[in-house]
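The next block holds one structure in the form of structure tokens; read it before the comments.
The values are calculated or read from the model by the stated rules, or taken from the named source; none is laboratory data. Here the structure is a predicted model, which is why all the values come from computation and not from measurement. Cβ placement follows ideal geometry from the backbone for every residue including glycine, while neighbour counts extend to all protein chains displayed.
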Amino acid sequence: MSSARSRTRVAVAAVLGLLFVSPLVLMVLGSFRRPGLPPPDGLELLTDEPRLRNYDDVATVIPLWRQLGNSLLVVAVAVPVTVLLASLAGFAIVTAAPRTRRFLVGVSVVAMLVPVSALWVPRTVILDQLGLTDRTLTVAAPALMATTPLYVLLFALALSRLPRSLFEAARVEGLSPWRTWRRVAVPLSWPTAFAVGVLAFVTHWSNVVEPVLWLSNERSWTAALGLRSLAALEPTFYPLLLAAAVVVTAPAILLFALAQRAFFDRTLGG
């Protein structure tokens, strides 16, 4: 019975892995097709003449490497700020009085239910009044609010599972809330920090709407906005779009692989 269940799990995992990897494989193979040719009639896995120059040519159509640098700058600021503020907010919720804790959780849930589209106009007006539009780092502004209340609730859930005696012992030892967070909460919530960090990276790396609203100068565009501009090309030039998509997707896949390895190494290594 156990062996049958094990084979079933392996089969399900293989199917899910295939569904996840297949679009990536097709994206890579399509990036080698020669631009200017009509779209293939049906599914074309391998082209007769693979063209690696697509990766060089796409950089002449848009400043792809500069845009990648802009995206790296955004995530280098947004991800640490998101993890830091979400962790602090989650710690504040967990250590608050019961009535205050319930109120803060309720406020976070209500804030999470507010559509992001409802915030675009007021955020744009505020940033425009402050003269912060058309600056690359402005795209990282949502990180000042932990990007999304979901990340705050994730930290609150993780910290709520710790024995309250840990925080009470730190209080008895005379530790301030800040030192309690740094010495007790942070070391014991690193798996959540990993998860929130990866989620925040993907959120800011693939963000398109805010750059469209806040960035008009092409020199300040992010990579996601550059991909959007390539989508306006003729359909016969889609190999250039796929080549750019491969370059932009690679950092996210690499980060996921590294984060996953670090997570399991630290877990299995104790």
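When the helices (runs of 4 or more DSSP H) confined to segment 165-270 are screened for residues that are more than 30 Å from Leu29 (Cβ to Cβ) and modelled with pLDDT of 85 or more, those reaching at least 2 such residues are found at 177-180, 190-205, 209-214. Is it fair to say Ala156 is under 27 Å from Phe256 (Cα atoms), touching a His at 6+ places or on another chain (Cβ under 7 Å) and assigned to a helix (DSSP H, G or I)? Considered against the rule, which asks whether it is under 27 Å from Phe256 (Cα atoms), touching a His at 6+ places or on another chain (Cβ under 7 Å) and assigned to a helix (DSSP H, G or I), Ala156 comes out as no.
Annotation: Ser2 fulfils all but one of (1) exposed (fewer than 15 other Cβ atoms within 10 Å of the Cβ); (2) of a type in the set (Ser, Thr, Tyr); (3) at pLDDT 80 or above; (4) over 30 Å from Arg219 (Cβ atoms); the unmet one is (3). Beta carbons closer than 7 Å, at least 6 apart along the sequence or on distinct chains, pair a first residue in segment 177-196 that is under 16 Å from Leu153 (Cβ atoms) with a second that is modelled with pLDDT under 90 for Pro191/Phe263. Being under 23 Å from the mean Cα position of the chain (by Cα) and under 21 Å from Leu154 (Cα atoms) holds for only one residue in Val202, Val248, Val212, Val208, and it is Val202.
Every listed requirement among (1) touching a Leu at 6+ places or on another chain (Cβ under 8 Å); (2) under 22 Å from Pro80 (Cβ atoms) is met by Val212 save one, (2).
Scanning segment 58-82 for residues that are touching a residue at least 24 places away in the same chain (Cβ under 8 Å), within 14 Å of Leu227 (Cα to Cα) and assigned to a helix (DSSP H, G or I) yields Val58, Val61, Leu64, Arg66, Gln67, Leu68, Asn70, Ser71.
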